[in-house]
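Please treat every number below as a calculation from the coordinates, not as lab data. Quantities reported herein were computed from a predicted structural model and do not represent experimental measurements. When we count neighbours, we look across all protein chains shown, and the Cβ atoms used for this are built from the backbone with ideal geometry, even at glycine.
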Amino acid sequence: MEYRYLGSSGLQVSALSLGAWVTFGSQVSDEVAADCMQAAREAGVNFFDNAEAYADGKAEVVMGNVIRKLGWKRSDLVVSTKVFWGGEGPNDRGLSWKHIVEGLDASLARLQMDYVDLIFCHRPDIHTPIEETVRAMNSVIARGKAFYWGTSEWSAGDITEAVAVARREHLIAPQMEQPQYNMFHRERVEVEYARLYAGMGLGTTVWSPLASGLLTGKYNDGMPEGARLALSSLDWLREAVLGEGADEMLTKVKSLRSVARQLDLTLAQLALAWCLKNPNVSSVITGASKVDQVLDNMKAIDAVGKLDPDVMIRIEAILDNKPQPTQDFR
């Protein structure tokens, strides 16, 4: 396993990590979740990602139970959670000071932990002043409930404002952002945040590196039996992944398969290695419903070296979607 610094912080996270989204507490049994976490840990993963919204909190319960059952040393782990969608009450959602404090306390109870290493604002909250959110995040860090805070799917402008507030008030600024990033979803990570990496020391822990399974090739010939997107509870995700524009993406996936075969890689390993090639990615969050998927994904670390400049040019030619950098009018 490779370990990378989380932006400009001194915290090191495994370049590949394991997340609980969609699977824990809903799609897989607790036993399978434990087996997947164990396989990831044995491969060197130290970063495990979660959120209060995942399976309505059940994902945190499962992860906490597994860590306690396996007797892992807490200081060896980097555990995250995200707050925003905590319930149906008027103050159970968003990024108010009240919900950040109460939401994190509830997450810690489900995880059976005294603290999380990372706490994310799961989405921007247009109703709460960013200054209130910055102060609330600093309050939970001051209470020893978290070490670092960050954002998820925030615009570069909102992150910049949060950093400005923190600097003005001598508070702790957001250290990391958790955006979607994969071969088909690139603009935000590669262009929008470009000034934030060096200028603010922003780290990224990216999600959906396989485009919800599209980049594994499993949907090339239709919906396979037992596939995640076949679940009725995930109709919204199926539409997002296999709806408008899916045919064009599937055509590209089929072309990428030949590249993967020539490199003796699976499509998933190729897609994960491609994400890992980005120097501004601190960790790539993987998901799995089977141990075999974990083991296959972890091999992407060794695949990065195979993606030399010539291979990257071939991949870019297939994708044909490289974001254009911000125009320089000088």
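Gaussian network model of the chain, Cα springs within a sub-10 Å range: biggest mean-square fluctuation belongs to which of ALA43, ALA142, ALA194?
Maximum among the listed residues: ALA142.
From a point 7 Å beyond the Cα of LEU295 in the direction of its Cβ, which residues of segment 13-32 have a backbone N at a distance under 16 Å?
Zone members listed by number: 32.
For SER75 and LYS98 in the same chain, what is the full-extension length gain: residue separation times 0.36 nm, less their Cα-Cα distance, in nm?
On the way: separation 23, 0.36 × 23 = 8.28 nm, distance 2.82 nm.
Fully extending the segment from SER75 to LYS98 adds 5.5 nm.
Can you tell which of LEU295, GLY71, VAL140 lies farthest toward the positive end of the dipole of the chain, using +1 and -1 charges on the Cβ of basic and acidic side chains (Lys, Arg; Asp, Glu)?
Going by the charge dipole, the pick is GLY71.
With a Förster radius of 25 Å, plug the Cβ-Cβ distance of ARG167 and ARG143 into 1/(1 + (r/R0)^6) and report the FRET value to the nearest 0.05.
On the way: r = 22 Å, r/R0 = 0.88.
Once rounded, the FRET efficiency stands at 0.70.
Could you derive backbone 3J(HN,Hα) for segment 288-299 from the dihedral phi with the Karplus parameters 6.51, -1.76 and 1.60 (θ = phi - 60°), listing whole Hz in sequence and x where the residue is Gly or Pro?
These are the phi-based 3J(HN,Hα) values: 7, 10, 9, 4, 4, 5, 4, 4, 5, 5, 5, 6 Hz.
Quick one: putting +1 on the C-beta of Lys and Arg, -1 on the C-beta of Asp and Glu, what dipole do you get for segment 86-159 around its Cα centre, in Debye to the nearest 20?
On the way: 7 positive and 11 negative charges, 27 e Å.
Rounded to the nearest 20 debye, it is 140 debye.
Divide by every residue of the chain the summed helix terms, -39500 (n - 2.57) for each DSSP H run of at least 4, and state the resulting mean residue ellipticity at 222 nm, rounded to the nearest 500 deg cm²/dmol. Kindly include the intermediate steps, with their values, before the conclusion.
Working: 12 runs with 132 residues, N = 330.
Rounded to the nearest 500, it is -12000 deg cm²/dmol.
What's the exposure ranking of TYR219, TYR5, TYR54, going from fewest to most Cβ atoms within 10 Å?
Working: TYR219 22, TYR5 13, TYR54 25.
Lowest count first: TYR5, TYR219, TYR54.
Given a cut-off of under 8 Å on Cα pairs at least six residues apart, what relative contact order in percent is computed for the chain?
Values: 573 pairs, mean separation 63.6, N = 330.
Here the relative contact order equals 19 percent.
With the calculation restricted to Cα positions, what are the radius of gyration and Dmax of segment 49-113 in angstrom?
Considering segment 49-113 through its Cα atoms, Rg and Dmax are 12.1, 38 Å.
Hey, in the GNM for the chain with a 10 angstrom Cα cutoff, which one of GLY287, GLY144, GLY89 fluctuates hardest?
Result: GLY89 has the largest fluctuation of those listed.
Taking the chain as a Gaussian network, where each spring joins two C-alpha atoms under 10 Å apart, which residue of ILE119, ILE313, ILE141 fluctuates the most?
ILE313
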